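For reference, the structure is listed below as structure tokens.
The values are calculated or read from the model by the stated rules, or taken from the named source; none is laboratory data. The structure displayed is predicted, hence computed values, not measured ones. Cβ coordinates were reconstructed from backbone atoms using ideal geometry, including for glycine residues, and neighbour counts include every protein chain displayed.
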Amino acid sequence: MLDRREFVSLGALLAAVDYVPRALTAAEFGAAEEFVELIVPGSKGARVMRYIDMGLAHGVGEAGAWKRGVGAWLSGKVPMGELAAKELAPGTELERFFGVAKRAAIEAYALSEEGQRDWLGYRGGVHLTAFPGCTEEHG
């Protein structure tokens, strides 16, 4: 049986192991990770594509849309500004994929430790002796 310290060390080791995509091929995953990093800087470090790929593998979202979108992007990389400009009225596969990828990337990053800390200002694990702004009496 592992004690807590051994368990935490094992978890850190497993986190460092290369991720094997489940819904996308390794090449698709790498390209999608690059694409998502352009949309949400820092998403690679936050392992956003791992979250997205696991969701796709379990039926959250359509893996086929990601495969088609990544393929479209690889066949003709378009600057993010051009894709963003057509986000509300997408006409091509790549323009539609931009919206899908953007929504998924923002959700995944916001749920990551990095996103919660950097975007949302969450500090967690802090003992508060007072609740600034609270007007209720607590005994």
Take region 48-71 and flag every residue that is loosely packed, with under 15 Cβ neighbours inside 10 Å and in contact with a Lys or Arg (Cβ under 7 Å, 6 or more places away or on another chain).
57
Members of region 34-47 found to be crowded, with 21+ Cβ neighbours inside 10 Å and either more than 16 Å from residue 114 (Cα to Cα) or over 11 Å from the mean Cα position of the chain (by Cα) (or both), listed by number:
35
Mind telling me which of the residues 12, 23, 16 ends up being at pLDDT 95 or above and of a type in the set (Gly, Ala, Ser)?
23
In the list 83, 88, 94, 128, which residue meets the criterion of being closer than 13 Å to residue 35 by Cα, of a type in the set (A, V, I, L, M) and either without any contact (Cβ under 8 Å) to a residue 24 or more places away in the chain or in a loop (DSSP other than H, G, I, E, B) (or both)?
83
Qualifying position, being loosely packed, with under 14 Cβ neighbours inside 10 Å and at positive phi, among 124, 91:
124
Kindly check whether there is at least one residue in region 111-120 that is at negative phi, free of Cβ contacts under 8 Å to residues at least 12 places away in the same chain and of a type in the set (S, T, N, Q).
yes
